[in-house]
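Take a look at the structure below.
The values are calculated or read from the model by the stated rules, or taken from the named source; none is laboratory data. Bear in mind that the values here come from a model prediction, so they are computed numbers and not experimental data. No Cβ is skipped: glycine too gets one built from the backbone with ideal geometry, and neighbour counts run over all protein chains shown.
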Amino acid sequence: MFFTCSQFCSDPRHNHFSNYSESNHEGEPSDYVTDQGEQIKRSLATNPAIRKSTSVIPKSGSARVIKNSKSKHKVVDIHCHYLNPVVNQKTAGLNAAQYDPTVIYANKLTNDTNVAQMKTRAPKLTGVKERLKDMDKMGVDIQVISPAPYHYFYFTEPAYGAELAREVNEGIAQLVSDHPDRFVGMGSVPLQNPELALQELEYAVKKLGLRGVEINTNVNGLNLTDPKLGLEKFFAKANELGAVIFMHPLGFTQGERLTNHYFNNVIGNPLDTTLAVSHLIFDGVVARHPKIKFIAAHGGGFIAHYWARMDHAWRARPDTRTVIKKKPSSYLEKFYFDSITFDPRMLKQIIDRYGADHVMLGTDYPYDMGEDDPRGLIAEVKKLSAQDRKLIEGGNAMKLFKIK
């Protein structure tokens, strides 16, 4: 998941590369550079890691599929990100940070911390060689790669947003083509326009072979079910395709109270997921489109662990029963969740409540709020059968993403 300018953030619009200097390293970051074009030139010139990440991706022959030491089942990471450096450079002049809640609602210490962490994380986000090494270390055979979340570009004019989504998707498709034994892909869609979004969804799935799309948990601060967006057409197309929709937040858009202590990540991300999932349920999207395979990032946010309150409200109050005919949790049970909970007790709670067949291994690679030892976390879950462990580590993902 993407967080408030994570240490991996190689987004030129955030000025991290040009700002990173010896003085930054010592805790005195320079002011943001306003000339985005000059920023790109300087970052590529001064940071060898970034230059390296923009080079041609190595051929698939250089990749090695690891053999699981304990069994023959494949281990699949369904939550990991890739940043397309070409698209990043192309969009450097958009001044996108002004629309980004992870930047807007963050204090100076948070931004400075993220800038300092960029030096080691950028090659993992934009490149392949370090990614493959890290996958081997974690015992991950396959990554289901999704775009870096700040490549949603929902704030742009719709036609340009569609153009950028196409480039993001084709970049991920090329990465998968170069390494078919290690990667499968999810794409992006321009949700600021429902017609263009459904067209790109169909292209990504049918033409590029991507296994679904990643979407933000809001569109420019509007709920996904807001009539102004008109996304019912998009959800109808996703239902027709039986598509996977991976819901990944980019901070909380009303985050005035979340600027300190990295709260717009720690609290804001699961909060925005909770709000988005709740609207999809209570506004009837899940009921109307049962063939969509929704995945809620970061262990489902808060709603996965506090579902009983909404069920009580549905029973107690008529204003919660205006659309759906069944209790809210019955629709939540249709969602899938990644394993990023950081605690085996919390992970066990999700497994016990929603079933091992609705939980999948995730790392949030390569961000600092990710899980570095996903298999170790799963192994710590008490009384988890070997069969359920295999499902969570890869079996469910192989089926959901149609991995052969």
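Details
- Residue within the range 224-236 that is touching a strand residue (DSSP E or B) at 6+ places or on another chain (Cβ under 6 Å), in a helix (DSSP H, G or I) and modelled with pLDDT of 95 or more present: no
- Failed item, numbered, when residue 268 is tested on (1) within 16 Å of the chain's Cα centre (by Cα); (2) under 26 Å from residue 74 (Cα atoms): (2)
- Verdict on residue 341 being more than 30 Å from residue 395 (Cα to Cα), part of a loop (DSSP other than H, G, I, E, B) and hydroxyl-bearing (Ser, Thr, Tyr): no
- Of all residues in the range 96-109, none are at pLDDT below 95, under 30 Å from residue 394 (Cα atoms), touching a Lys or Arg at 6+ places or on another chain (Cβ under 9 Å) and of a type in the set (Asp, Glu).
- Whichever residue in the range 350-393 is small (Gly, Ala, Ser) and in a loop (DSSP other than H, G, I, E, B) and, among such residues, is nearest to residue 265 (Cα to Cα): 370
- When residues of the range 166-198 are limited to those that are under 30 Å from residue 136 (Cα atoms) and among the small types (Gly, Ala, Ser), the one surrounded by the most Cβ atoms within 10 Å (Cβ to Cβ): 188
- Helices (runs of 4 or more DSSP H) (entirely within the range 245-301) containing at least 3 residues that are closer than 19 Å to residue 198 by Cβ: 285-288
- Selection within the range 199-233 - over 19 Å from the mean Cα position of the chain (by Cα) and surrounded by 22 or more Cβ atoms within 10 Å (Cβ to Cβ): 231
- Where helices (runs of 4 or more DSSP H) fall wholly inside the range 88-163, the ranges with 1 or more residues that are of a type in the set (Val, Ile, Thr) and within 19 Å of residue 179 (Cα to Cα) are 108-126.
- Qualifying residue in the range 181-194 (condition: part of a helix (DSSP H, G or I), under 18 Å from the mean Cα position of the chain (by Cα) and not small (Gly, Ala, Ser)): no
- The one condition in (1) aliphatic (A, V, I, L, M); (2) buried (at least 21 other Cβ atoms within 10 Å of the Cβ); (3) farther than 16 Å from residue 272 by Cβ that residue 287 fails to fulfil: (2)
- There is no residue in the range 316-329 that is outside any helix (DSSP H, G or I), closer than 23 Å to residue 266 by Cβ and touching a Phe, Trp or Tyr at 6+ places or on another chain (Cβ under 9 Å).
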